[in-house]
There are 2 protein chains.
Amino acid sequence: MILTVTLNAALDVTYGVDSLRPRTSHRVDTTYERAGGKGINVARVLAALGHEAAVTGLAGGPTGGLLRDELRTAGLPDDLVTVAGDSRRTLTVVSRDDGEATVFNQCGPRVSPGEGETFTDHFASLVRGATVVALCGSLPPGLPPDAYAHLIRTAARAGAASVLDTSGPALLGALVAGPDVVKPNAAELAAVTGRADVPAAAAQLRALGARAVVASSGPGGVHAVTPNGAWRAAPPEQLAGNPTGAGDACVAALAAGLATGAPWPDVLRESVALSAAAVPCPVAGDFDAGTYHRFRTAVSVEEVHAAHAH
Amino acid sequence: MILTVTLNAALDVTYGVDSLRPRTSHRVDTTYERAGGKGINVARVLAALGHEAAVTGLAGGPTGGLLRDELRTAGLPDDLVTVAGDSRRTLTVVSRDDGEATVFNQCGPRVSPGEGETFTDHFASLVRGATVVALCGSLPPGLPPDAYAHLIRTAARAGAASVLDTSGPALLGALVAGPDVVKPNAAELAAVTGRADVPAAAAQLRALGARAVVASSGPGGVHAVTPNGAWRAAPPEQLAGNPTGAGDACVAALAAGLATGAPWPDVLRESVALSAAAVPCPVAGDFDAGTYHRFRTAVSVEEVHAAHAH
């Protein structure tokens, strides 16, 4: 089982409007709601690929109730821990005139130290049944920046590998625990290392404890630096659409690769194909099966022997 | 008791952001939620003025639960009827850089014929304790355009006067029942009559059944055409702020005037003063007590003897 962790789970709401015009009133003619947060999106992709995936993390209040109802409807096992605060919403307003999205992200409720400990205990119990854990997204207010480090160590003691997709202090605070794979995007990688050069920045994260770094560069594909070598993988063509779910699809492929023990070039091929297949879909957690099957044999993977790459 | 009716009650949500920029992501750093819909705002103003005010209408689902919780916190008696659908939200995004508001209005749940009948029965029972009913806002999907006409007739049979604040077919469909006062704004009045001339348009609504028409023109004040004469009332100065709650404050003053039997010039003075006092407040249902007390003696009221005015 692959266990996905979403500490700042959300209800993702999409409003359809004719045209977004600041300082005016809009009639919302379509409303779409589903459970969100990066880990939940990863679990959706894994479930669609036929992997056994479970969802844990923190949720609470009426909004937490709605997102759990939706997980049930979607058939995703809900092992979330209940907190006192109301879960956040993320709102995407989609303008029909230009197809463009404008996003409003609430912060999420403050988590008490007691709630953090309850989650740690719950995670320690769940992870015994997992081969891989995917730790995804921002930390809610109230959790310390080393929250992911504790979870990664607990997973390692239980024999589960870890994939981490977060940014800023939450990413830096986790590295000392030796996550098996971290997946920053190029901007997040540059922000935490101060280096725009991807191989050099990846080497820095590895020096701080990450075993492998897979840096995603949107349509440019991924650059992976691992204990077994370094590779660049790129999609055969660019697709138009919504890139928000591409990172979550990439993490799903990395988690699945760790679970099956596939060689890195195969894992990266899957990562790039799944990321690209998420782009034509309007909501994160979905991917286009036709694009995925077409791309998974067409992604180019090239080994990198640069000085920075090991 | 003044009974306010909000058939399309809402949870009014306000998001604070630094600056609204279409096609980007925003961090929402403040979220404020309260029960809304025009009738609920009217009840808030009435309660703050010391009148006994009750709230009825339709609400349902998790959002309906949240708005009822907030009514309880605000101390407003909740006589809402529960429907199966989830109540709508209205979202106002306020940009801190320019103070401007961008509004997203959901439509509200479809009301079944059975739910409509349950409400009609409930209203018939509540209205026996009311001297005035204020019927406010749009009709939710599923209710016929003559829904307000039925309620106005039921109120009249119980000896309660009626104030109606709605627009379009819901307004036109109510006139035949002889509402005591209708309060369209100038744009709504022009839309239902096809006439931009306020006295002529008001005369037309009276010919269709309204006993009195009080047309509001934002900072221009009100123009009233009644069985006892016609008047124009205007504020002594213009205030900057948020005009969304001014109409609800005006309806509260009209309902209070019907309840106390005050002469029309006094009622109109109160209406304009309360409307103006709502403008400095960021949310509908609030008014600035200092402005109200300053303006209620300073509003100019002028009798109109034009050919159209009777």
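A compact table of results
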| item | result |
| --- | --- |
| Residue ranges of strands (runs of 3 or more DSSP E) in the range A:1-54 with at least 1 members over 19 Å from residue B:14 (Cα atoms) and at pLDDT below 95 | A:30-36 |
| Residue list for the range B:11-56, filter: closer than 14 Å to residue B:70 by Cα and acidic (Asp, Glu) | B:12, B:33 |
| Selection count where residues are surrounded by 15 or more Cβ atoms within 10 Å (Cβ to Cβ), outside any strand (DSSP E or B) and not aromatic (Phe, Trp, Tyr), scope the range A:97-119 | 8 |
| So residue B:253, is it in a loop (DSSP other than H, G, I, E, B) and touching an Asp or Glu at 6+ places or on another chain (Cβ under 9 Å) | no |
| Boolean, residue B:26 is in contact with a Leu (Cβ under 9 Å, 6 or more places away or on another chain) and over 26 Å from residue B:113 (Cα atoms) | yes |
| Tally of residues being surrounded by fewer than 24 Cβ atoms within 10 Å (Cβ to Cβ), among the polar types (S, T, N, Q) and over 24 Å from residue B:104 (Cβ atoms) across the range B:238-293 | 3 |
| Number of positions in the range A:86-142 that are among the small types (Gly, Ala, Ser), within 18 Å of the chain's Cα centre (by Cα) and within 11 Å of another protein chain (Cβ to nearest Cβ) | 2 |
| Residue count for the range B:183-229, restricted to those that are under 29 Å from residue B:242 (Cα atoms), assigned to a helix (DSSP H, G or I) and among the polar types (S, T, N, Q) | 1 |
| Test result for residue B:13, touching a His at 6+ places or on another chain (Cβ under 8 Å) and within 14 Å of another protein chain (Cβ to nearest Cβ) | no |
| Test: residue in the range B:56-69 that is surrounded by 23 or more Cβ atoms within 10 Å (Cβ to Cβ), within 20 Å of residue B:246 (Cβ to Cβ) and within 12 Å of another protein chain (Cβ to nearest Cβ) | no |
| Where a residue in the range B:19-43 is away from chain A (no Cβ under 14 Å) and its partner, wherever it lies, is surrounded by fewer than 24 Cβ atoms within 10 Å (Cβ to Cβ) and part of a loop (DSSP other than H, G, I, E, B), with Cβ under 6 Å and at least six apart | B:43/B:76 |
| Among the candidates B:45, B:28, residue that is surrounded by 24 or more Cβ atoms within 10 Å (Cβ to Cβ) and β-branched (Val, Ile, Thr) | B:45 |
| Which numbered condition residue B:306 misses (of (1) modelled with pLDDT of 95 or more; (2) over 23 Å from residue A:25 (Cβ atoms)) | (1) |
| Any chance residue A:190 is modelled with pLDDT of 95 or more and in contact with a strand residue (DSSP E or B) (Cβ under 9 Å, 6 or more places away or on another chain) | no |
| The one condition in (1) within 14 Å of residue A:48 (Cα to Cα); (2) touching a Gly at 6+ places or on another chain (Cβ under 9 Å) that residue A:279 fails to fulfil | (1) |
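The values are calculated or read from the model by the stated rules, or taken from the named source; none is laboratory data. As the structure is a prediction and not an experimental result, all values here were calculated from the model. Heads up, the Cβs are rebuilt from the backbone with ideal geometry, glycines too, and the neighbour counts pull from every protein chain shown.
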